[in-house]
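Chemist: Supplied in structure tokens, the structure appears directly below.
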Amino acid sequence: MQPRRIVLLGSTGSIGTQAIDVVDGAPHLFEVVALSAGGGNQELLARQAVHTGAAAVGIASGDPGRLEALIREAAAAAGKPGYSPQIFFGPDASTRIAEVQADVVLNGITGSIGLAPTLAALKSGASLALANKESLIVGGELVKAAARDGQIVPVDSEHSALAQCLRAGTAAEVEKLILTASGGPFRGRSREELHGVTPREALAHPTWDMGVMVTTNSATLVNKGLEVIEAHLLFDVPLDRIDVVVHPQSVVHSMVQFVDGSIIAQASPPDMRLPIALGLGWPDRVPKAATACDWTQAASWTFEPLDSVAFPAVSLAKDAARQGNTFPAVFNAANEEAVTAFHAGRIRFTDIVDTVESVLSEHSSASRLTVESVLDAEGWARARANERLALSSL
């Protein structure tokens, strides 16, 4: 059997680098045929290209001539002097790379800029291993309409867990989905205690090593709100049947409750290589993709209810999802601007979600959901958020 041909979008990020680890561990199952990245780490992209032998490489910004030179240097050092991939350059580079003929496209891009590559991957007919939750959230029905049944395979650890648990019953037997949240670095704090936390404290996640935006979103629980919207869209379960529970150990990644009262949970030590491997190999599992729980050691797993007063982001995300259309795009864009302002020292931690709520309260839906209306809504949300942030700056 021929290895599955893999396209990696966002290859120099956390998801992309771990995906290459998965491919390296199972070369008989997977072959990387194309890569793309934003351009912030051209040296790593060049090494990845040479290492994988990808036929095409995309870069959104930077100097394509420099990338070509770096690839030549890396190829010579690796004893592959004849290696010369096709290079795509510009803001649409990842979209063009997503169109490369492949069996699986892994979208590991961060942010709503992943929407166009997601739609391109779906149009190509490849299976879409989706780690870029924002493209589904802001694209909503656009993305669902473009996908055939089973074409999207979730890579977020929570949604991968739900997909695995859902194998235990039929859709009609599902009572609710239960997403777990680590609680981030501020678990147990009241809203008043959150006013003065610093950007450095917000980035001190107890479990996961992520970028600034995702780590901050985990601290505010905006990330969990986005995941609730994503679960709603992926699995067609109503929002009022999707719950969030705090689980600090991050070993149970999510659960499904069935109509008879049975709850099926997916558990494994925190390691994104497991959901990445499932995304690449679905519906098959990849042997030894990650380490299992060690049952020779004592362990305790605890679960706590979500404090929606201190962390209102989940409820706010559900409200945005109920209104649908461009509201989730506005939720996401306003949050990104507020997070940027927080790390610039311009606003307090609690101002992040407060800003999102204020911007959402002023938004009106587009007449029709299109890529253009999503982009327009995002542009409006960013501008309006920054106007409000200027007024609330410290």
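Chemist: How big is the range 324-394 on each of its three principal axes, counting only the C-alpha atoms and giving the largest first in Å?
Modeler: 38, 18, 15
Chemist: If you don't mind, another one. What aspartates and glutamates does Lys80 reach when the alpha-carbon gap must be under 19 Å and sequence neighbours fewer than 8 apart in one chain are set aside?
Modeler: Within the straight-line limit of under 19 Å, Lys80 reaches these aspartates and glutamates: Asp24, Glu31, Glu43, Glu68.
Chemist: Same structure, new question: Just add up the charged neighbours of His51: K/R +1, D/E -1, any other residue whose Cβ is under 13 Å from the Cβ of His51.
Modeler: Charge balance in the 13 Å sphere: -2.
Chemist: Of the candidates Val237, Val252, Val359, which one comes out as most mobile in a Gaussian network treatment of the chain with C-alpha springs shorter than 10 Å?
Modeler: Val237
Chemist: Still on this structure, please answer the following. Can you tell me which of 159-171, 132-144 comes out highest on packing, and rank the rest after it, using the mean Cβ neighbours within 10 Å?
Modeler: Ranking, from highest mean packing down: 132-144, 159-171.
Chemist: Moving on to the next point. How large is Rg over Rh for the chain, taking Rg from the Cα atoms and Rh as the Kirkwood inverse mean of 1/r across Cα pairs?
Modeler: Answer for the chain: 0.96.
Chemist: Which chymotrypsin sites (Phe, Trp or Tyr not before Pro) in the range 217-302 pass both tests, a DSSP loop state and at most 16 other beta-carbon atoms within 10 Å?
Modeler: Filter output for the range 217-302: Trp295, Trp301.
Chemist: Rounded to the nearest 5, what % of DSSP beta bridges with both residues in the chain are antiparallel?
Modeler: So the antiparallel bridges amount to about 30 percent of the total.
Chemist: While we're here: Students often get this wrong: which residues of the range 310-342 have the backbone nitrogen under 13 Å from the point 7 angstrom along Cα-to-C-beta of Arg189?
Modeler: 310-311
Chemist: Next question. Of Ala161, Leu44, Leu278, which is farthest along the charge dipole of the chain in the positive direction, counting Lys and Arg as +1 and Asp and Glu as -1 at C-beta?
Modeler: Positive-end residue among those listed: Leu44.
Chemist: Tell me the net charge near Arg5. Cut-off is 9 Å between Cβ atoms, Arg5 excluded, with +1 for each Lys or Arg and -1 for each Asp or Glu.
Modeler: Neighbourhood net charge equals -1.
Chemist: Calculated from DSSP H runs of 4 or more alone, at -39500 (n - 2.57) each and per residue, what is the 222 nm mean residue ellipticity of the chain, nearest 500?
Modeler: Helix contribution divided over all residues of the chain: -13500 deg cm²/dmol.
Chemist: Give me the net charge for the shell around Val228: Cβ to Cβ below 13 angstrom, other residues only, Lys and Arg +1, Asp and Glu -1.
Modeler: Net of charged neighbours comes to -1.
Chemist: To continue, here is another question. With +1 assigned to the C-beta of every Lys and Arg and -1 to the C-beta of every Asp and Glu, and no other charges, what is the dipole magnitude of the chain about the Cα centre in debye, to the nearest 20?
Modeler: Value, rounded to 20: 580 debye.
Chemist: Let me ask something additional. Please compute the length gained on full extension between Gln151 and Glu201, using 0.36 nm multiplied by the number of residues separating them and subtracting their Cα-Cα distance.
Modeler: Going from the current span to full extension adds 14.1 nm.
Chemist: Using all alpha carbons of the range 4-154, what is the percent of pairwise distances in each 10 Å bin, ordered from the shortest bin to the longest?
Modeler: Here the calculated profile for the range 4-154 is 13, 45, 33, 9, 1.
Chemist: At q = 0.27 Å⁻¹, work out log10 I(q)/I(0) for the range 1-55 with the Debye formula, treating every Cα as an identical point scatterer and leaving solvent out; two decimals please.
Modeler: Values returned for q = 0.27 Å⁻¹ are -1.10.
Chemist: Have a look at His195, Leu239, Val214 and report the one farthest towards the positive end of the charge dipole of the chain, computed about the Cα centre with Cβ charges (Lys/Arg +1, Asp/Glu -1).
Modeler: The residue sitting farthest along the positive end of the dipole is Val214.
Chemist: Something else now. Can you give me the distance in nm between label points at Lys288 and Asp243, each placed 7 Å from the Cα along the Cα-to-Cβ direction?
Modeler: The modelled label-to-label distance comes out at 4.0 nm.
Chemist: Give me the log10 of I(q) over I(0) for the range 227-353 at q = 0.10, 0.14, 0.21 Å⁻¹, as the Debye formula computes it from C-alpha points; what are the numbers?
Modeler: With one equal scatterer per Cα and no solvent, log10 I(q)/I(0) is -0.47, -0.90, -1.32.
Chemist: Here's a follow-up. With the dipole of the chain worked out from charges on the C-beta (+1 for Lys and Arg, -1 for Asp and Glu) around the Cα centre, which of Val330, Ala317, Ile15 lies farthest toward the positive end?
Modeler: About the Cα centre, the residue reaching furthest to the positive side is Ile15.
Chemist: Follow-up question, since we're still on this one. Among all helices in the chain defined by DSSP H, which have a length of 18 Å or more along the axis from Cα atoms plus a Kyte-Doolittle mean of at least 0.5?
Modeler: 222-235
Coordinate-derived values only; no laboratory data. None of these values were measured; they are calculated from a predicted model. Don't worry about glycine lacking a Cβ; one is built from the backbone with ideal geometry, like all the others, and counts go over all protein chains shown.
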